[in-house]
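A.B. asks: One structure coming up, written as structure tokens, with questions to follow.
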Amino acid sequence: MNRQGAPSTLLERLAARLGHAHVLTEPGDMAGSLVETRGLYKGSALGVVRPADVEEVAFVVRECAAAGVAIVPQGGNTGLVGGGVPYGGLVLSTVRLERIRALDRVNATMTVEAGCILQNIRAAASEADLLFPLSLPSEGSCRIGGNLATNAGGANVLRYGNARDLVLGLEVVLADGRIWNGLSGLRKDNTGYDLKNLFIGSEGTLGVITAAVLKLFPKPKTRAVGFVGCASVRAALDLFARLRQSDGDTLAAFEYIPRFGIEMVLKHGRAVTRPLAGEHHSYALLELSSPDPHAELRVRLEAVLGAALEDGLIEDATIGASESQNEALWRLRESLSEVQGFEGGSIKHDVSVPVSSVAAFIEEASAACEAAMPGIRVCAFGHVGDGNIHFNLSQPVGMDKQAYLAEWRRFNDIVHSIVARLHGSISAEHGIGLMKRDELPHYKDPVALDLMRTLKRALDPQNIMNPGKVIALGDDAPAALPMAKRA
Ligand SMILES: Cc1cc2nc3c(=O)[nH]c(=O)nc-3n(C[C@H](O)[C@H](O)[C@H](O)COP(=O)(O)OP(=O)(O)OC[C@H]3O[C@@H](n4cnc5c(N)ncnc54)[C@H](O)[C@@H]3O)c2cc1C
């Protein structure tokens, strides 16, 4: 306090406006906000602030700008690239921005605040007999502001697109504390630059997303879920092409799982059962869905898979006979992220290539990694219908975990150079954050990088918005952690 009794330090001024309960400075209270979900990154902060509305967010940002203090926006802190971890400055948590401001059934839109948990948004849409299609394994804890800031993907991208495709308007607090009200619900608006798409995918480096107008869709009333076994990745991709051609957008998901992935799930997963009697090189999970409650999707899927069996494209198949069987089939896919931890260290890559190159990528990258370290176990799985492969590498059995993880950079180079040759991306859906920041200049077009830096400097001239993430601008940027230090 100064002599007039007015708060003098930044934290005092913030506490006077937000309330002391929402300016956390005790180590125990801040702990969960300082570490990345898998423990790969750990940082520090002056405090964690929890504004309750957009005006309070703007106040926090204005005060930080005046004091030259960095701000790291944080939602559910489920990000996988270290983007939400602070290295000094303040964490601006969106947990109290939790209101659904409006739901317009005719316009099929929902206006939500950034801190709404994804699962709650999906439930609110469902109650209105509509669908918000973004769906991730972390949906019980991630928040829509984080989903938009990372342009999240998930299992429904095939039909509905990434988070970016599901937004009509945004409200953003800029780095100088001004509020941009871009909460448009328009599906057509050609009045200049598409500003919302600057902030979507910017990982908190350009401003704080405080609210969004989301697109809603007819709620599916019927679905058929199939699980197939086939002899190769190429056969699975040929089945995908066939289904896409015959069933168009009724095909809602097409997920690839290798034999090693299924083996891990059956060994370590909870409430899972073997889907097919025999063993196969490759597996695919696919879903047809429709808003028509009378659509005969199961019959349709039986016909397509029956023909694929006759043609020798697939080796075996099953179709869920009830909703609980459908869920059991999906559980096999959803358990994959979790079970890899039981097999020791896992070096992960979230990459994409054109769908036509997915089989070539998996074959080539698997061979290169197996040659580089005999005994390494490739688990390449994911949303292959979008060309997105989670190319994960489990350590050889019996190898020391730390020694294995110290090889992270070497395997990044092997995998990402093949991705680049096939005209792919080193980050399909998780973002750049800290993890891939120093690799980005090797793979991104230099003109694109220059434009990114120009935008960052224009929108955040003091470099206070999540500094050092995505692109490094100055000496003050925290370095991406050396892989050897990762546990
Ligand atoms: C088990 C598991 C499964 C996952 N599966 C998927 C998947 O299938 N697909 C996928 O895409 N991702 C997946 N993820 C990653 C993660 O869930 C997503 O990136 C999610 O969208 C992050 O949301 P969040 O609220 O947790 O964001 P956070 O982790 O809090 O933040 C992520 C980034 O966004 C910034 N940010 C957060 N909120 C805002 C805001 N309001 N304004 C501006 N910037 C902000 C942060 O600074 C940070 O850079 C998974 C994560 C886990 C743990």
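The values are calculated or read from the model by the stated rules, or taken from the named source; none is laboratory data. Since this is a predicted model, take the numbers as computed values, not measurements. Cβ coordinates were reconstructed from backbone atoms using ideal geometry, including for glycine residues, and neighbour counts include every protein chain displayed. For the accessible areas, the whole protein counts, side chains as well, though only heavy atoms, and no ligand, DNA or RNA atoms are used. Shrake-Rupley method; radii C 1.70, N 1.55, O 1.52, S 1.80 Å.
A.B. asks: Applying the selection to segment 143-190, what residues are more than 8 Å from the ligand (Cβ to nearest atom) and of a type in the set (A, V, I, L, M)?
C.D. replies: Within segment 143-190, Val157, Leu158, Leu166, Val167, Leu168, Leu170, Val173, Leu174, Ala175, Ile179, Leu183, Leu186 qualify.
A.B. asks: Being in contact (Cβ under 8 Å) with a residue 24 or more places away in the chain and out of contact with any strand residue (DSSP E or B) (no Cβ under 7 Å at 6 or more places or on another chain) is the filter here, so list the residues in segment 120-135 that pass it. Full working, then the answer.
C.D. replies: Within segment 120-135, the first condition is being in contact (Cβ under 8 Å) with a residue 24 or more places away in the chain, and the residues that meet it are 121, 124-126, 128-134.
Listed by number, the residues that qualify are Ser126, Asp129, Leu134.
A.B. asks: Right, something else. For segment 283-299, which residues satisfy the criterion of being open to solvent by 20 Å² or more (accessible area, probe 1.4 Å), of a type outside the set (Lys, Arg) and not in a strand (DSSP E or B)?
C.D. replies: Pro291, Asp292, Pro293, His294, Ala295, Glu296, Val299
A.B. asks: Counting just the residues of segment 315-337 that are within 16 Å of the ligand (Cβ to nearest atom) and polar (S, T, N, Q), which one comes out least open to solvent (accessible area, probe 1.4 Å)? Break it down into steps so the answer makes sense when it comes.
C.D. replies: Going residue by residue through segment 315-337, those that are within 16 Å of the ligand (Cβ to nearest atom) are 330-337.
If we keep only those that are polar (S, T, N, Q) too, we end up with 335, 337.
Numbers: Ser335: 14, Ser337: 68 Å².
Once the filter is applied, the top-ranked residue is Ser335.
A.B. asks: Here's a follow-up. Hey, does segment 258-277 have a residue that's at pLDDT 95 or above, among the charged types (D, E, K, R) and open to solvent by less than 80 Å² (accessible area, probe 1.4 Å)?
C.D. replies: Looking for residues that are at pLDDT 95 or above, among the charged types (D, E, K, R) and open to solvent by less than 80 Å² (accessible area, probe 1.4 Å), one finds none in segment 258-277, hence no.
A.B. asks: Ala212 - would you say it is surrounded by 22 or more Cβ atoms within 10 Å (Cβ to Cβ), within 11 Å of the ligand (Cβ to nearest atom) and part of a loop (DSSP other than H, G, I, E, B)?
C.D. replies: Details: surrounded by 22 or more Cβ atoms within 10 Å (Cβ to Cβ): yes; within 11 Å of the ligand (Cβ to nearest atom): yes; part of a loop (DSSP other than H, G, I, E, B): no.
Answer is no for this residue.
A.B. asks: Output the number of the condition that Leu455 fails; it satisfies all remaining conditions of (1) more than 20 Å from Arg410 (Cα to Cα); (2) in a helix (DSSP H, G or I); (3) away from the ligand (no atom under 16 Å from the Cβ).
C.D. replies: (3)
A.B. asks: Considering only segment 233-290, how many residues are over 30 Å from Lys219 (Cβ atoms) and touching a Leu at 6+ places or on another chain (Cβ under 9 Å)?
C.D. replies: Residues flagged as over 30 Å from Lys219 (Cβ atoms) and touching a Leu at 6+ places or on another chain (Cβ under 9 Å) within segment 233-290 amount to 7.
A.B. asks: Would you check which residues across segment 225-276 are part of a helix (DSSP H, G or I) and either touching a Gly at 6+ places or on another chain (Cβ under 8 Å) or of a type in the set (D, E, K, R) (or both) and list them?
C.D. replies: From segment 225-276, those part of a helix (DSSP H, G or I) are 233-250, 259-268; that's our starting set.
Listed by number, the residues that qualify are Arg234, Asp238, Phe240, Arg242, Arg244, Asp247, Asp249, Arg259, Glu263, Lys267.
A.B. asks: Within segment 69-96, which residues are β-branched (Val, Ile, Thr), within 10 Å of the ligand (Cβ to nearest atom) and open to solvent by 20 Å² or more (accessible area, probe 1.4 Å)?
C.D. replies: Matches in segment 69-96: Thr78, Val95.
A.B. asks: Filter segment 73-96 down to residues that are in contact with a Gly (Cβ under 7 Å, 6 or more places away or on another chain) and assigned to a strand (DSSP E or B), then give me how many there are.
C.D. replies: 4
A.B. asks: Which residue out of Arg159, Arg178 is open to solvent by 40 Å² or more (accessible area, probe 1.4 Å) and either closer than 29 Å to Arg453 by Cα or in contact with a His (Cβ under 8 Å, 6 or more places away or on another chain) (or both)?
C.D. replies: Details: Arg159 fails: either closer than 29 Å to Arg453 by Cα or in contact with a His (Cβ under 8 Å, 6 or more places away or on another chain) (or both).
Answer to the check: Arg178.
A.B. asks: Continuing with the same structure: For Glu439, work out the one condition from (1) out of contact with any Pro (no Cβ under 9 Å at 6 or more places or on another chain); (2) within 25 Å of Leu148 (Cα to Cα); (3) at pLDDT 95 or above it doesn't fulfil.
C.D. replies: For Glu439, the exception is condition (3).
A.B. asks: Ok, one more. Restricting segment 97-137 to residues that are open to solvent by 40 Å² or more (accessible area, probe 1.4 Å) and in a loop (DSSP other than H, G, I, E, B), which is nearest to the ligand (Cβ to nearest atom)? So that I can check it myself, show each step before the final result.
C.D. replies: So the first thing to find is which residues in segment 97-137 are open to solvent by 40 Å² or more (accessible area, probe 1.4 Å), and the list is 98-107, 119-120, 122-123, 126-127, 129, 137.
Still in the running and in a loop (DSSP other than H, G, I, E, B): 98-99, 105-107, 129, 137.
Working: Glu98: 12, Arg99: 14, Arg105: 26, Val106: 28, Asn107: 23, Asp129: 25, Pro137: 4 Å.
Filtering segment 97-137 for residues that are open to solvent by 40 Å² or more (accessible area, probe 1.4 Å) and in a loop (DSSP other than H, G, I, E, B), the one nearest to the ligand (Cβ to nearest atom) comes out as Pro137.
A.B. asks: So which residues in segment 216-231 are touching a strand residue (DSSP E or B) at 6+ places or on another chain (Cβ under 6 Å) and of a type outside the set (A, V, I, L, M), if there are any at all? Working first, answer last.
C.D. replies: Step one: filter segment 216-231 for residues touching a strand residue (DSSP E or B) at 6+ places or on another chain (Cβ under 6 Å), giving 216-217, 219-220, 222-230.
Answer for segment 216-231, where residues must be touching a strand residue (DSSP E or B) at 6+ places or on another chain (Cβ under 6 Å) and of a type outside the set (A, V, I, L, M): Phe217, Lys219, Pro220, Thr222, Arg223, Gly226, Phe227, Gly229, Cys230.
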